[in-house]
Amino acid sequence: MKTGLVLEGGAMRGLFSAGVIDVLMEQGIEFDGIVGVSAGAAFGCNMKSRQAGRAIRYNTKYADDWRYCSLRSLVTTGDIFGGEFCYHYMPKHLDIFDEETFNNNPQEFYAVCTDVETGEPVYKRLMEANDECYEWIRASASMPLASKIVEIRGQKLLDGGISDSIPLKFMQQQGYERCLVVTTQPAGYVKKKNRLLPLIRMALHRYPHFIEAMATRHNMYNAQLAYVAEQERTGNALVLRPEAPLTIGHITHDADKMRQTYNIGRALAEKHLEEIRGFVGSWELRVES
């Protein structure tokens, strides 16, 4: 039976998920496959490279570096989170991404993007860490208005959360029968229509299918929440949610707020550690069997 890890996005709320996955790594709990959306992809890739602590480390260290995240970066590069700095320079020179471990780990890793020309999700299987892999992760996390379109081999891509925010159904279709789902919103959350839709319509008017996906995203998201809850009731999924709304914004330069969000994720994973072990089993136990 294949076990999967599903990581929702949510920009800096994703540090909650980073706290969860660091505890899982430290406790030797692994999965046959991972799918990450937006921040879930950007932080979740550290599980395949076995680098616990890396996401919170570089986020707090470079919180005030304009090249990492700033209006200056948005104006000068087109990306509020600097595409070249965050996804190429930093992992190669400043906080090294362990490409060798990522490549040698048989765990499947998927990043979800949205094709701006079709409005449909694109699921990219990433098994080799290289510049193109980093561009797929960048595309998955490229928020409309705050990022420019990422073009890879002729495909124009943006934030995967627009078309598939919680890709549990996708993982089940790949044969992952039991999935741990980490969301970044608490129980009872209901997504509303995006208030920035008029601006998005103006900025991306050449892509009507993407605009339609944006306009109906709240319906898609709320339907996915219902599906996740149903799968939780049937025992096919175990869901870790924040116990209260996370107070961190989509973007922050406050390192203390980042650590607080990360620690909330850690505490929740530790609280449910035995339940998680019972659901997915530890890597060591599964290898021995």
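The values are calculated or read from the model by the stated rules, or taken from the named source; none is laboratory data. Predicted, not measured: the structure shown is a model, and the values here were computed from it. Counting neighbours? That spans all protein chains shown, and the Cβs are built from the backbone with ideal geometry, glycine included. Just the protein is used for accessible areas: all its heavy atoms, side chains included, with ligands, DNA and RNA removed. Shrake-Rupley method; radii C 1.70, N 1.55, O 1.52, S 1.80 Å.
Looking at Ser73, is it under 24 Å from Phe170 (Cα atoms), of a type in the set (Ser, Thr, Tyr) and open to solvent by less than 10 Å² (accessible area, probe 1.4 Å)?
Spelling it out, it is not the case that Ser73 is under 24 Å from Phe170 (Cα atoms), of a type in the set (Ser, Thr, Tyr) and open to solvent by less than 10 Å² (accessible area, probe 1.4 Å).
Going through Phe85, Phe170, Phe109 one at a time, which residue ends up being closer than 29 Å to Trp66 by Cα and aromatic (Phe, Trp, Tyr)?
Just one listed residue meets the conditions, Phe85.
Go through (1) assigned to a helix (DSSP H, G or I); (2) under 16 Å from Ala39 (Cβ atoms); (3) touching a Phe, Trp or Tyr at 6+ places or on another chain (Cβ under 8 Å) and name the single condition Thr184 misses.
The number of the failed condition is (1).
Report, by residue number, each residue of the range 89-122 that is open to solvent by less than 70 Å² (accessible area, probe 1.4 Å) and aromatic (Phe, Trp, Tyr).
Phe97, Phe102, Phe109, Tyr110
Over 20 Å from the mean Cα position of the chain (by Cα), open to solvent by 30 Å² or more (accessible area, probe 1.4 Å) and within 27 Å of Ala267 (Cβ to Cβ): is that true of Gly188 in this structure?
Yes, satisfied.
Within the range 4-27, can one find any residue that is out of contact with any strand residue (DSSP E or B) (no Cβ under 6 Å at 6 or more places or on another chain), part of a helix (DSSP H, G or I), free of Cβ contacts under 8 Å to residues at least 24 places away in the same chain and open to solvent by 10 Å² or more (accessible area, probe 1.4 Å)?
No, that holds for no residue.
Considering only residues that are of a type in the set (Gly, Ala, Ser) and within 15 Å of Pro186 (Cα to Cα), look in the range 218-238 and name the one that is least open to solvent (accessible area, probe 1.4 Å).
Once the filter is applied, the top-ranked residue is Ala229.
Among the residues of the range 191-217, count how many are touching a residue at least 60 places away in the same chain (Cβ under 8 Å) and either acidic (Asp, Glu) or open to solvent by 90 Å² or more (accessible area, probe 1.4 Å) (or both).
2
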